[in-house]
Structures are given as structure tokens and as C-alpha cells.
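Q: Below is one structure. I have some questions about it.
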Amino acid sequence: VSRQLKEEIRRGFARLEDPLAGLLAMLESSSDWKGKGHSLGYCITTELQLWIKAHPAVPQSGTKLKKLQARVLRMLSQCPANLLDPLISIYQLHTADRNYLLEHVSHLYLQGNYKEAAILSIKLKLQPDQDVEKMCTPLLLQDKANLVEDYVAEYPELQKKLLQTLDMWCDPSFNIRDITRPYQGLSRYKPEKFNRRVLSKLVFRLLERFNVDPALCPNVINQRHLRTLNYLFYKRFVEKTMTEENWGDHIQSTVGDNRWLQGQLVQSLLRHCDVRGAARWAQHCQVPPEMLPQAVAEELQKLHLQDRVEEVTRADTYECSKKNDYYQLPIPRENIHFLQTWEETLQCWEKVLQPGQVIGVDMEWKPSFGMVGKPRVALLQLALKDEVFLLDLPRLLEQAEAEGEKEKLPHFIQMLYSDAAITKLGYGMSGDLSSLAATCSALKDAEKQMQGVVDLLAVDKQVDGLSPEHSHKEKGARQPEKGLSLLVQHVLGKPLDKREQLSNWEKRPLREEQILYAASDAYCLLEIYERLCKDPESFGLGSDLTESLVGKQSKKPRAKKQLNKQEAPSPSGQECQGPGMEPSGPPAPISPQEFSVVCDNMLQGLGRYLRCLGVDVRLLDNEDDHRKAAEIARQEGRVILTSGLPYQTLRSQVGEGRCFSVNCSEKAKEQALQVLKHFNVQVSLSDIFSRCQ
């Protein structure tokens, strides 16, 4: 809005005998204020709000104000959202008679203006005097869950009432049509968005957002546990990819002493085991005898108590699969150390924090099976050439806190990840680090400070012939390998035994199978890295693999102050390398016509933007492999623009400074500015739209 217009508006208010009544008359007779955006009505209203602050004597009270308030209320349900707050403030609606406001909102509701009624209630803080179920039901039917969240956001009691209502609707015996029937003629009604699955997802979102005790929603929690139970039976008896002990741990922690779930467990046991097997597992999970069918109860009486549940299942032959089918740890068992005290851990640190050390890093946590909250890391594995350390994180954190030194563990982990002289190997490190941050809030910025990190997930994407189908053909009936197990199979000849992957990693003591699995998961990274570095070509990788993975940049100390965003590390932890970072200063200026690039497929927006500025751009298609960018760059002399993990591999396949990592979280314009600045590309007016779009 021009200064001249603002001054004119203020002079106009000063001339009016009653500016508040004047504004209302203006808005009521105006035709443009009902549109979106900053209309003239909006400009005048916000200017009056500012003008009133400068002239405190203007606000009115008494009967005259009440009449104005009544007129404003009628207008609020139709006016644009950006006018609500200024009008409520100018006409002091928070001081209006509460019953009158409630009556007005109720009238809006009865007219079917549910969204407007809810928004006005939020603005005027009327929720404590309203029926939360009545207000929120039509909004949920219109798929306005975000508005429902805002409606209860500041009122813990209403949050609980809403959650209890949603949980009642999720009871399998509840007829959801009883809720939807009165609203059949509702405009924008979306019945497909109103079902138990959608509602239970909303319940979990609300439980997490408002930090409410899940016990408030037994139906939703039970149904989620039942899905977990079905999934566990599938993994054990259909896929056959879980050991008996591992499966038993999860079944016990899922069912607990919940009578309803115990009943479901018995039904599932009878479907998958014979009567004797069902009786043994019922005994193991302490299912009350009165809940068992007669045949199972009779079998239970015949059984003697045994320390370990025997396996009595049909066609369960997978336990017989030879250990030789899987990757085996090449170090003796006594070189795997489970650390639960700080004395042991400090000795481990001394070995790990050595310059030139190469370490395989992995983490384990208890699977959440879709329950509330982020997983917390229960075990941190650090593999060196001759030994593996398994750190009991919950125990170590507990001890450090008791000694008043809760920063001890995060301090070590930060030292490890930020030391460029130590090479850390991982697989999908970003997920591990976000779980680490959920476990220990002091580590929330660990990913930004990473140096000397090699994420083998980036290499995995480039290795020739790596696909689950390929693995499946080789192994016949067994489930196809995927992820790290597939990479291990391809590089080292045998897959990982993943049957302990979904273990309860929080339970102590850990079983021997869990200890061996955890150690293997970290140690195999060392062997893969060594094999790939020795012979990268046979896996379809660039010959300078070592340099491309760890890179020269990570050996250098970080600059104390980052000059711009481009010099920050890319998500994989390697700093971006390009001509602009050479010590000799920036490259000579060039025009967009002389600048040729190939954009990776996640940067199509950037490619189109640079083309508008006259840059010679080639774009990869969505289905193209990242490696195609390197082929095009070499054949046509182009610079590669990429982001994230592919940067590691692509930069090793082209000349120094011919691959540039862009910040993927920025918008196309900001990315383009980064690129132009980095390569010193000077854009003139005649360059814009000089190429065919």
C-alpha cells in the first residue's frame, strides 16, 4: 500500500465523528472486501487498527459499542480470514456478552456454516462453553481435521473429550453410520475420509501432538496391537523370518495382561499351531485358563512347567536352515563387548577416537509397530577391525544422569561424528541420527556437524546388478534380500541373517542371537568398504572410490565461519567441492550462454529456472538413474547439479569441480542464485528467456 494512500486513510478517519461506525458502513457497502488477498477494505481496516493505537480516546463503550458489535458479528462469518483479527480487536469483541457470542455462533452452526462457527469460536475463545463432539463431527465429515486440532489446541480437557469420542467411534461394535446419518446433505461431505482407519490415524496424531496418555483410547490401542499381533504371526509362520525367542518376546510385550488381546492370541494360535502348540504358548504368555477353549485347556493340564517353550508348529522348517547360508562374523565371540558401565565405555572411547580409525556404526531400537512416539536407540554398535563394542545406551544415559553428567554420552558421539580424521561407515545414517536425536536431545544437530562420514546406502544405489529380484532368483524359495542384506550378499557373497532385526532391543539381558546379529550388522560395513575400495570397477563404481566416498574435503579442518549456505556440508556429510572453493579465488566470470549443466532428476525446478536465465540445461527424467548425469557430463562437457547422497558417487566420475551439490530444501530461485554465485555466472537482461522454454 502506498504511503500516500495510508496518509489519506488516516486523514479520513480524523475527519469522521465516529470512525468505528464509519468503517462498518464502508465495509457493509463495499463489494471488494469479500474477495481473497489484501483488498482496499483490508488496508482501511488495518490502518484504523493502527490509528486507534495512536488515539486511545477513540474506543467506545456502552450501548453504542454493543450495537456496532452486533453488526460486526453478522459480517465476520462472510469476511476474509485476514479481516477477523483486526475487526475483533477494533470492536473489542472479547469484551462482548459471552452468551450473545455463543448464541451467534450457534446460529451459524444451525445454518450449516460449521467451519465459520469453529473459526469464530477459536478466535473468541468460546470452546470451553461448547460441546466438542457436536462442533467437531461435521468438520471431520468435511475432512477438516486440521481445524479440529486447532479447535482443541489450547484446552487439555477438550483434547481428552475429543479423543474419548473418537476412540468410541473406533470400537468395532460401534455403527459409524449413526454419526453420519444426520449430515447426509452436508456440503463438501467426504464419507470416504470418515472411517475407522482414518480416525485411528487422527487419534495417534492427537495423542502425540498433545502428549496425552494412550490409555485414554483403549479401542484404538487394542486395534493397533491386534494388527501388530497379526503381523508377528505373519513374520513367524508365513514368511518364517523370525526366531522363536524373538517372536515370543514381542508376543508377550504386545499382549501383556490385556484380556481382550489374550483372547485374540488364542484364536491366532489355533489357526497356526496344533492344540499342543497353542497350549504351550498360552502357558508361556500366562493366558488365564478360563479364557481357553476346552481342548486347549485340557492340553494345558497335561503339560509340565518347562523353562523354555518348545516349538510345535506345522511345517516350520526354517530353523534348520544352515548358518552357512548367511554372512558370519570373522572375529571371535570374545571380541564382542557389551558395555553397560562408564568405566568400560571410556576404555572403548580411547580405542575409537584415534586419528585414521575406520569404524562401522549401527544402531538398534525396539520396533514401535506404529505406536505413538519416535523410537529411542537401545543399542549403539561400533565395529573396529578386531573387535566390536555394543553400548547399552539406556543404561549409560541413566548412569550419567545419576552422576550429574548427562552430557557425557552426547559429547563423545559429537566428537566421533565431527572428527574428519576418523572414517565412520553407516547404512542409511540419516534415520539412525534422527532416532539418536529422539533419544538424546543434545544430539539434535549432530547430522549438521558430520565429517568423514561414508553412507554405504549411497553406494548401494550405484552398485551394478543389485536388485531384490536378482537375489530372489539366486536363493529360490527364501524371501528376497533387500537393503543392507542385499548389498552384503552382492559384495561379500552371503546375505545377513535378519531374523533378529525386529527384536525387542530394550529387553535385558540380550539373547546371544541378538548380540551376534548386532555385531554383524556393524562389522559387515567394514568388510564391504574394504572390498569396494580394493576393486570398485568390478561393482560398476568409479576407480577413485576411496576419494569419492571420504573425499579430500573431509580431511581438511572446517572453516570457522561459513560464508554462505553452499559451503555447509551436504546431507551426506561431505562438504561440497567445486571451483569456487579453491584457494585461488573465484573463477573468471562467464555468461549463461557459456554455462552448460545437467540437472539430476530431483532438481527439475532448478533446471527450468536456469533455462529461463539463458543457461544451457539438460534435465534427467524421473525414471533415469543418477549415473546418467555423469555420462552426459563427460560426453558434452557439462557440470552436474545434484543433491544429497548421489553427490558422493557422481563427483568421483567427473573432473575436479565439475559436480556441485545443491541444498534440496531451498526453492528453485535460491538454488539458482547459489549456482550462479558459485560458478560466477553473470546474467544480463538479454539472457532472460533467450532459450526456448
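Q: Which one of these does Asn246 not meet: (1) touching an Asp or Glu at 6+ places or on another chain (Cβ under 8 Å); (2) modelled with pLDDT under 90; (3) open to solvent by less than 10 Å² (accessible area, probe 1.4 Å); (4) of a type outside the set (Phe, Trp, Tyr)?
A: It is condition (2) that Asn246 fails.
Q: For region 629-660, name all the residues that are touching a Ser or Thr at 6+ places or on another chain (Cβ under 8 Å) and open to solvent by 40 Å² or more (accessible area, probe 1.4 Å).
A: Matches in region 629-660: Glu636, Gly637, Leu645.
Q: Which of the residues spanning region 249-271 are open to solvent by less than 30 Å² (accessible area, probe 1.4 Å) and either of a type in the set (Ser, Thr, Tyr) or assigned by the TED database to the domain that holds Leu496 (or both)?
A: At the first step, the residues of region 249-271 found to be open to solvent by less than 30 Å² (accessible area, probe 1.4 Å) are 249-251, 254-255, 261-263, 265-266, 268-269.
Those that are open to solvent by less than 30 Å² (accessible area, probe 1.4 Å) and either of a type in the set (Ser, Thr, Tyr) or assigned by the TED database to the domain that holds Leu496 (or both): Thr254, Ser268.
Q: Name every residue in region 140-163 that is more than 21 Å from Asn82 (Cβ to Cβ), within 25 Å of the chain's Cα centre (by Cα) and crowded, with 19+ Cβ neighbours inside 10 Å, in order of residue number.
A: The answer is Leu140, Val148, Val152, Gln159, Leu163.
Q: Is there any pair with a first residue in region 111-132 that is on the phi < 0 side of the Ramachandran plot and a second that is assigned to a loop (DSSP other than H, G, I, E, B) and at pLDDT below 95 whose Cβ atoms are under 6 Å apart and which are 6 or more apart or on different chains, and what are they?
A: Partner pairs satisfying both residue conditions: Asn113/Ser77; Glu116/Ser77.
Q: Kindly check whether there is at least one residue in region 618-628 that is outside any helix (DSSP H, G or I), open to solvent by 10 Å² or more (accessible area, probe 1.4 Å) and at pLDDT 90 or above.
A: Within region 618-628, the first condition is being outside any helix (DSSP H, G or I), and the residues that meet it are 618-626.
Restricting the remaining residues to those that are open to solvent by 10 Å² or more (accessible area, probe 1.4 Å) gives 618-619, 621-626.
Narrowing further to those that are at pLDDT 90 or above: 618-619.
Yes - at least one qualifying residue is present in region 618-628.
Q: For region 411-523, which helices (runs of 4 or more DSSP H) that fit wholly inside it have 3 or more residues that are assigned by the TED database to the domain that holds Leu397 and modelled with pLDDT of 90 or more?
A: Ranges flagged: 483-492.
Q: Could you count how many residues in region 176-202 are hydrophobic (A, V, I, L, M, F, W, C) and free of Cβ contacts under 8 Å to residues at least 12 places away in the same chain?
A: To start, the set of residues in region 176-202 that are hydrophobic (A, V, I, L, M, F, W, C) comprises 176, 179, 186, 194, 198-199, 202.
Adding the requirement that they be free of Cβ contacts under 8 Å to residues at least 12 places away in the same chain leaves 198.
The number of residues fulfilling the criteria is 1.
Q: Could you please give the count of residues in region 659-692 that are of a type in the set (A, V, I, L, M, F, W, C), assigned by the TED database to the domain that holds His626 and without any contact (Cβ under 8 Å) to a residue 12 or more places away in the chain?
A: 1
Q: Here's something else I'd like to know. Quick check on region 373-380. Is at least one of its residues open to solvent by 50 Å² or more (accessible area, probe 1.4 Å), touching a residue at least 40 places away in the same chain (Cβ under 8 Å) and either assigned by the TED database to the domain that holds Glu527 or of a type in the set (A, V, I, L, M) (or both)? Can you show your working first?
A: Initially, region 373-380 is screened for residues open to solvent by 50 Å² or more (accessible area, probe 1.4 Å), giving 374, 376.
Then drop every residue that is not touching a residue at least 40 places away in the same chain (Cβ under 8 Å), which leaves 374, 376.
Pick out the ones that are also either assigned by the TED database to the domain that holds Glu527 or of a type in the set (A, V, I, L, M) (or both) and you get 374, 376.
Yes - at least one qualifying residue is present in region 373-380.
Condition check ((1) charged (D, E, K, R); (2) under 27 Å from Leu456 (Cα atoms)) across all residues:
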{"position": "Val598", "(1), (2)": "no, yes"}
{"position": "Arg618", "(1), (2)": "yes, no"}
{"position": "Asp621", "(1), (2)": "yes, yes"}
{"position": "Glu631", "(1), (2)": "yes, yes"}
{"position": "Gln653", "(1), (2)": "no, yes"}
{"position": "Gln674", "(1), (2)": "no, no"}
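Q: Out of the residues in region 120-139 meeting the condition of being in a loop (DSSP other than H, G, I, E, B) and among the charged types (D, E, K, R), tell me which one is surrounded by the most Cβ atoms within 10 Å (Cβ to Cβ).
A: We begin by selecting, within region 120-139, every residue in a loop (DSSP other than H, G, I, E, B); these are 125-126, 130-131.
From what is left, the residues that are among the charged types (D, E, K, R) are 125, 131.
Values: Lys125: 13, Asp131: 10.
Step by step, filter region 120-139, then rank; the result is Lys125.
Results for (1) acidic (Asp, Glu); (2) at negative phi; (3) touching a Phe, Trp or Tyr at 6+ places or on another chain (Cβ under 8 Å), shown as yes or no for each residue.
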residue: Asn146; (1), (2), (3): no, yes, no
residue: Glu149; (1), (2), (3): yes, yes, no
residue: Glu154; (1), (2), (3): yes, yes, no
residue: Glu157; (1), (2), (3): yes, yes, no
residue: Phe174; (1), (2), (3): no, yes, no
residue: Tyr189; (1), (2), (3): no, yes, yes
residue: Ala215; (1), (2), (3): no, yes, no
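Q: Scan region 396-416 for residues that are crowded, with 16+ Cβ neighbours inside 10 Å and in contact (Cβ under 8 Å) with a residue 40 or more places away in the chain and report the count.
A: The number of residues fulfilling the criteria is 7.
Q: Having 2 or more residues that are at pLDDT 90 or above and more than 30 Å from Tyr231 (Cβ to Cβ) is the bar; report the helices (runs of 4 or more DSSP H) wholly within region 265-363 that clear it. Don't jump to the end; show me each part of the working.
A: Working: elements: 275-284, 294-302, 342-352.
Correct list: 342-352.
Q: Among the polar types (S, T, N, Q) and in a helix (DSSP H, G or I): does that describe Ser652?
A: Working: among the polar types (S, T, N, Q): yes; in a helix (DSSP H, G or I): yes.
Yes: the conditions hold for Ser652.
Q: Here's another thing I want to ask about it. Could you list all residues from region 94-113 that are surrounded by fewer than 19 Cβ atoms within 10 Å (Cβ to Cβ) and of a type in the set (A, V, I, L, M)?
A: Hits for region 94-113 are Leu102, Leu110.
Q: Return only the number of the condition from (1) under 13 Å from Thr137 (Cβ atoms); (2) open to solvent by 20 Å² or more (accessible area, probe 1.4 Å) that Leu166 does not satisfy.
A: Leu166 satisfies all of (1) under 13 Å from Thr137 (Cβ atoms); (2) open to solvent by 20 Å² or more (accessible area, probe 1.4 Å) except (2).
Q: Do you know which residues across region 658-693 are part of a loop (DSSP other than H, G, I, E, B) and under 15 Å from Pro589 (Cβ atoms)? Please lay out each step first, then the result.
A: First, pick out the residues of region 658-693 that are part of a loop (DSSP other than H, G, I, E, B): 658, 662-667, 679-680, 682-684, 688-693.
Across region 658-693, the qualifying residues are Phe679, Asn680, Gln682, Val683, Ser684.
Q: Any residue in region 382-394 that is surrounded by fewer than 19 Cβ atoms within 10 Å (Cβ to Cβ), outside any strand (DSSP E or B) and under 28 Å from the mean Cα position of the chain (by Cα)? Can you show your working first?
A: First, pick out the residues of region 382-394 that are surrounded by fewer than 19 Cβ atoms within 10 Å (Cβ to Cβ): 385-387, 394.
Then drop every residue that is not outside any strand (DSSP E or B), which leaves 385-387, 394.
Next cut, under 28 Å from the mean Cα position of the chain (by Cα) only: 394.
Looking through region 382-394, at least one residue is surrounded by fewer than 19 Cβ atoms within 10 Å (Cβ to Cβ), outside any strand (DSSP E or B) and under 28 Å from the mean Cα position of the chain (by Cα).
Q: For region 65-107: of the residues being among the basic types (Lys, Arg) and more than 24 Å from Leu40 (Cβ to Cβ), which is modelled with the highest pLDDT? Let's see the steps before the verdict.
A: Narrowing region 65-107 to residues among the basic types (Lys, Arg): 66-67, 71, 74, 98.
Remaining after also requiring more than 24 Å from Leu40 (Cβ to Cβ): 66-67, 98.
Working: Lys66: 89, Lys67: 90, Arg98: 94.
Restricting to residues being among the basic types (Lys, Arg) and more than 24 Å from Leu40 (Cβ to Cβ), the top hit is Arg98.
Q: From the list Asp143, Asp150, Asp129, Asp167, exactly one residue is acidic (Asp, Glu) and closer than 28 Å to Thr46 by Cα. Which is it?
A: Numbers: Asp143 fails: closer than 28 Å to Thr46 by Cα; Asp129 fails: closer than 28 Å to Thr46 by Cα; Asp167 fails: closer than 28 Å to Thr46 by Cα.
From the options Asp143, Asp150, Asp129, Asp167, the qualifying one is Asp150.
Q: A follow-up question, please. Run down Ser200, Ser253, Ser187 and say which single residue is out of contact with any Ser or Thr (no Cβ under 7 Å at 6 or more places or on another chain) and outside any helix (DSSP H, G or I). Let's see the steps before the verdict.
A: On the way: Ser200 fails: outside any helix (DSSP H, G or I); Ser253 fails: outside any helix (DSSP H, G or I).
None of the other options fit; the residue is Ser187.
The values are calculated or read from the model by the stated rules, or taken from the named source; none is laboratory data. Fair warning: this is a prediction, and the values are worked out from it, not measured in the lab. A quick note on method: Cβ atoms are made from the backbone with ideal geometry, for glycine too, and the neighbour counts reach across all protein chains shown. For the accessible areas, the whole protein counts, side chains as well, though only heavy atoms, and no ligand, DNA or RNA atoms are used. Shrake-Rupley method; radii C 1.70, N 1.55, O 1.52, S 1.80 Å.
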